[in-house]
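Worksheet for the structure shown next.
The values are calculated or read from the model by the stated rules, or taken from the named source; none is laboratory data. Since this is a predicted model, take the numbers as computed values, not measurements. Every residue, glycine as well, gets a Cβ built from its backbone with ideal geometry; the counts of neighbours run over all protein chains shown.
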Amino acid sequence: MSNQEITGILQQQNSLLNRVELVLTENQQLRTELLELSEREERFRQIAENVREVFFVISAKTDEILYISPTYEKVWGRSCQSLYEDPQSWLFAIHPEDSSKAIATIETQFRTGDDFEEEYRIIRPDQSICWVRVRAFPVRDVMGKVNRFVGIAEDITKRKEAEAALRESEEQFRLTFEMAPIGMAISTLTGKFERVNQALCDFLGYTQAELLPLSFPEISYLEDWKKHRNLEQKLITTQESDFQIEARFIAKNGRVVDTILKVVLVCDADGNPLHFNNQIVDITERKQMERQLVYDALHDNLTGLPNRALFMDRLEQQLKKSYNNNNYLFAVLFLDLDRFKVVNDSVGHLIGNKLLIEIAQRLEKLIAPTDTVARLGGDEFTILLENINSKLDAIVVAESIYQTLSIPFNIDGYELFTTASIGIALSSQGYEKPADILRDADLTMYSAKEQGKARYEIFDNSLRDRALQRLELETDLRRAIERREFEVYYQPITSLKLGTLSGFEALARWNHPQKGCIQPNDFIPICEETGLIVPLGNWLLREACLATRNWQLKYPSHPPIRMSVNLSGQQFRDPQLVDEITKILDETGLEGKFLKLEITESILIDNLETVTEIILNLRKKQIQFSIDDFGTGYSSLSYLHRFPVDTIKIDRSFVNQMQANGENSAIVKAIVTLAHLLNMDVIAEGIETTSQLAQLKLLECEYGQGFFFSKPLNKQQAEALIASFPQWN
């Protein structure tokens, strides 16, 4: 073998060794690459198996599933193996309503090789619904041809549910906003309207197109908007989320709308303010009712005048002014209509109420706008005159009242007249409480009424002193009967024809332990007002009947003594009156024919039916009745013949006017003549002279009493008179 051959062989061996070395190197690189690929595949597998999305690889040529991540089983509810075996099975799981669109998109994109994205619902084997979002991207070979698609399928069920809930919430908000019975608005942070509902438009009188360009400041009361705006700023700068206030808005027609406004600040996810949600409730009707209730609480519901509460409030304000200014003067006038009860009793309460309304209207026209006229109740009115110069200003108003009341009132066909008694109290007396000055005005009014009505008086301290004395007297009166401080005096009644004693009129006298003898005129009116007249009258009747019966028994030869006793209106209103008189007659043994009960005309007129019934019941016991002080009251001839009475007593005022020459006796003559025509006898009161006696005899007046015969006598003196068998010629 030649060297050349050997060289050739060695060269071949070296070449072979080089190739073997190259193959080994390439094998090593391949192993390395395979290892790296295996590692990458493992990492990919781990990622794919641990994410929520489904990863998939699909052959673009055969639609074969090259890879599907295990999450497929959780999302689709099917095994990965079933998909490898049947690559189209995932398409059949698409909801029928979504399948056409989804399959069409997939086929188109597979054909064109474009990216695609689709959302659709799939139906799992357990029939539950799952929303998925599928995105796929083409993978191209070196030639640029699409050989496969890589994609991700994401379970978006929760997102879809959230979106559905949001849509439902938005729809619910829209419906709530639009259909709410209360006003609702969304406004910017500066107060401009972004959205308004129909209810708000309705009670403000705007259309939505008219209201939306406006803002809260343009439809709000200025002072209310300031408060509204300040509270909005506070929401923006603090942690508070809402506030609620009462606010007034101005409707399109200028009407004021009272509302309750609730404002809620709406912020974004980062807490930045976005806008305000406003709820606006129309409370105009409620506020009107509240205002009406307040008005009604402070005003008289008949006349519309201020009532006592409002009058006292304004009076207190005037007192405060006088505290701060010693020269400030005001006056209170207290009015009480005279004989208003007669109106109610004669023409009815409806006409009486209309009269009060017209009187109120006349009084309001008399005073300045700054003054106050109020009705305290019944027929009582008060007037507050502010900032007067002197008492003369109050007197001018009082005289104006008399002038305006002197004009007759024409109400429903009735012509009515009325007067008022007025008490005036001035703030110069230094009052501290409103009730004190009103009390003194009231007290002064009663003094004016006692002085004859239809007049005014100005308060002075003597009136208060008399009122205190009267209060003390009333207190003492309540104990006087128990303490036996009363005594019966007897005024002789004489037969003018025979000149002999016929009987007595029983009169009450009060022997006060400190003040001595108190005359009836000083305590009887108090008894009438307090109701004490009933027990006092019953006591007087019992004492008089007992004395009369005792005298009849003790002096049998004397013509039987008759006793006259006055009955008050209060006693006639006592339902026990008939039983009480019957009981007294039974217990004292006096026969009814020796008792005469005296009543006034006013009692008969005021309680015609009731009094007549009582008189008829008592007449069954032969008790007689007389009308006392005839001619000083109603003196209605149309009523007189209807009264079942036996005697008329002529008031002393008529007897006193009879002159020695016979003048001024016409009234007495007329009364006597009338009585005789009605088969009644007559007693003349207040006979003091022989001339009066002579004229009464000529008129054939049956009986008389007065100082000519005797002053009132106590029990012992009366008995002595009986025993003396007196004779008056």
Open item on the list: Kindly evaluate E432 against the criterion of being surrounded by fewer than 19 Cβ atoms within 10 Å (Cβ to Cβ) and more than 21 Å from E529 (Cα to Cα).
Closed with: yes
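Residue-wise test of (1) without any contact (Cβ under 8 Å) to a residue 24 or more places away in the chain; (2) closer than 18 Å to R286 by Cβ.
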| site | (1), (2) |
| --- | --- |
| N197 | yes, no |
| L200 | no, yes |
| L212 | yes, no |
| S215 | no, no |
| S220 | no, no |
| H228 | no, no |
| I250 | no, no |
| R255 | no, yes |
Task: All positions within region 377-398 that are under 13 Å from F334 (Cβ atoms) and assigned to a helix (DSSP H, G or I) - done: A394, V397, A398
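Within region 113-145, track down each residue that is touching a Phe, Trp or Tyr at 6+ places or on another chain (Cβ under 8 Å) and part of a loop (DSSP other than H, G, I, E, B).
Of everything in region 113-145, those that are touching a Phe, Trp or Tyr at 6+ places or on another chain (Cβ under 8 Å) and part of a loop (DSSP other than H, G, I, E, B) turn out to be D115, R124.
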- [ ] Please indicate, with yes or no, whether at least one residue in region 509-523 is surrounded by fewer than 19 Cβ atoms within 10 Å (Cβ to Cβ) and at positive phi.
- [x] yes
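Looking for something aliphatic (A, V, I, L, M), closer than 21 Å to P712 by Cβ and within 51 Å of the chain's Cα centre (by Cα) - is there at least one such residue anywhere in region 603-624?
Within region 603-624, the first condition is being aliphatic (A, V, I, L, M), and the residues that meet it are 603-605, 608, 611, 614-616, 618, 623.
From what is left, the residues that are closer than 21 Å to P712 by Cβ are none.
Taking every residue of region 603-624 in turn, none turns out to be aliphatic (A, V, I, L, M), closer than 21 Å to P712 by Cβ and within 51 Å of the chain's Cα centre (by Cα).
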TODO: With respect to I122, determine if the residue is in contact (Cβ under 8 Å) with a residue 40 or more places away in the chain and more than 38 Å from the chain's Cα centre (by Cα).
DONE: yes
Open item on the list: Checking A104 against (1) part of a helix (DSSP H, G or I); (2) in contact with a strand residue (DSSP E or B) (Cβ under 8 Å, 6 or more places away or on another chain); (3) surrounded by fewer than 17 Cβ atoms within 10 Å (Cβ to Cβ): exactly one of these is not met. Which one?
Closed with: (2)
- [ ] Please indicate, with yes or no, whether at least one residue in region 697-708 is crowded, with 20+ Cβ neighbours inside 10 Å, within 22 Å of D629 (Cβ to Cβ), among the hydroxyl-bearing types (S, T, Y) and in the same structural domain as V655 (by TED's automatic domain parsing).
- [x] yes
Open item on the list: Given (1) in contact (Cβ under 8 Å) with a residue 60 or more places away in the chain; (2) part of a helix (DSSP H, G or I), identify the lone condition not met by I581.
Closed with: (1)
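Return yes when T494 is among the polar types (S, T, N, Q), in contact (Cβ under 8 Å) with a residue 12 or more places away in the chain and part of a helix (DSSP H, G or I) and no when it is not.
no
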- [ ] Write out, first by first residue and then by second, each pair whose Cβ atoms fall under 9 Å of each other, whose residues are 6+ apart or on separate chains, and whose first residue, in region 57-79, is surrounded by fewer than 17 Cβ atoms within 10 Å (Cβ to Cβ) while the second is of a type in the set (A, V, I, L, M) and in a helix (DSSP H, G or I).
- [x] Y67/A48; P70/A48
TODO: Can you run down the residue pairs with Cβ atoms below 6 Å, 6 or more apart or on separate chains, where the first is in region 691-711 and of a type in the set (A, V, I, L, M, F, W, C) and the partner is assigned to a helix (DSSP H, G or I)?
DONE: L699/K669; L699/V672; C701/V672
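Test Y490 against the criterion of being at pLDDT 90 or above and of a type outside the set (A, V, I, L, M), and give yes or no.
Yes.
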TODO: State yes or no: is E399 surrounded by fewer than 16 Cβ atoms within 10 Å (Cβ to Cβ), assigned by TED's automatic domain parsing to the domain that holds V343 and of a type outside the set (F, W, Y)?
DONE: yes
Open item on the list: Restricting to region 515-550, name every residue that is among the polar types (S, T, N, Q) and either under 24 Å from K593 (Cα atoms) or assigned to a strand (DSSP E or B) (or both).
Closed with: N538, T548, N550
